Amino acid sequence: MTVNELNTNVLAFFEEIEKYYGSKTEITTGLYTNLEDFDSHNITWNLSEFNLVRAAYRKIGERFMMEGSAMYVEISAKNILSFEKKGRNKFEFIEQYSPSVYRMTTIKFHYKY
């Protein structure tokens with residue numbers, strides 16, 4: 001996927017995210033250090049659940065943000081390496097924060113339509 005295709009897909013995702021407002025949202029994040037050797041046993045995991053209240057783009061810092069009643073999550077726009085739709089209402093971002101630090105974020109919306 002080219003950088004332009006990646007950017008177009010990510011922007012389309014956030015332009016349509018309003019349809020998920022009010023939906024239960026599961027966000028799983030994992031930190032790991034080797035992109036070529038993805039082994040779930042060597043990843044530090046975190047799972048959060050909330051009802052999505054709003055989403056926006058924060059220009060200062062170049063971050064996409066999603067917010068629930070007691071939860072706030074950001075994805076670095078400039079660090080996104082890949083973005084994929086992994087199923088119905090399920091999406092995966094991979095960000096690179098240094099030459100050897102990656103974060104995978106999977107977002108699953110429990111959307112009724």
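Selection of the stretch 36-55 for residues being within 17 Å of the chain's Cα centre (by Cα) and under 26 Å from S100 (Cα atoms) yields I43, T44, W45, N46, L47, S48. Of all residues in the stretch 23-38, count the ones that are of a type outside the set (S, T, N, Q), surrounded by fewer than 16 Cβ atoms within 10 Å (Cβ to Cβ) and at pLDDT below 95. Looking only at that region, the number is 5.
When residues in the stretch 91-107 are screened for being in a strand (DSSP E or B), farther than 15 Å from I75 by Cβ and open to solvent by 60 Å² or more (accessible area, probe 1.4 Å), 0 of them pass.
Looking across the stretch 56-82, the residues that are among the hydrophobic types (A, V, I, L, M, F, W, C), surrounded by 11 or more Cβ atoms within 10 Å (Cβ to Cβ) and either within 12 Å of the chain's Cα centre (by Cα) or not in a strand (DSSP E or B) (or both) come down to F64, M65, M66, V73, I75, A77, I80, L81.
The residues of the stretch 2-42 that are assigned to a strand (DSSP E or B), closer than 17 Å to N79 by Cα and of a type in the set (V, I, T) amount to a single one, T29. Could you grab me the full set of residues in the stretch 39-55 that are under 18 Å from E95 (Cβ atoms) and open to solvent by less than 100 Å² (accessible area, probe 1.4 Å)? The answer is S40, I43, T44, N46, S48, A55. Taking first residues from the stretch 26-55 that are more than 12 Å from I107 (Cα to Cα) and partners that are hydroxyl-bearing (S, T, Y) and surrounded by fewer than 14 Cβ atoms within 10 Å (Cβ to Cβ), the Cβ contacts under 6 Å between residues at least 6 apart in sequence or on separate chains come to L31/T44; T33/S100.
For E92, the criteria (1) in contact with a helix residue (DSSP H, G or I) (Cβ under 7 Å, 6 or more places away or on another chain); (2) at pLDDT 90 or above; (3) acidic (D, E) hold in every case but one, which is (1). Exactly one residue among K112, K86 is in contact with an Asp or Glu (Cβ under 6 Å, 6 or more places away or on another chain) and either closer than 16 Å to L11 by Cβ or open to solvent by 80 Å² or more (accessible area, probe 1.4 Å) (or both), and that residue is K86.
The values are calculated or read from the model by the stated rules, or taken from the named source; none is laboratory data. The structure presented is a predicted model; accordingly, all values stated were derived computationally and were not measured. Cβ sites come from the backbone with ideal geometry, for glycine too, and all protein chains shown count toward neighbours. Just so you know, the surface numbers come from the protein's heavy atoms only, side chains and all, with ligands and any DNA or RNA stripped out. Shrake-Rupley method; radii C 1.70, N 1.55, O 1.52, S 1.80 Å.
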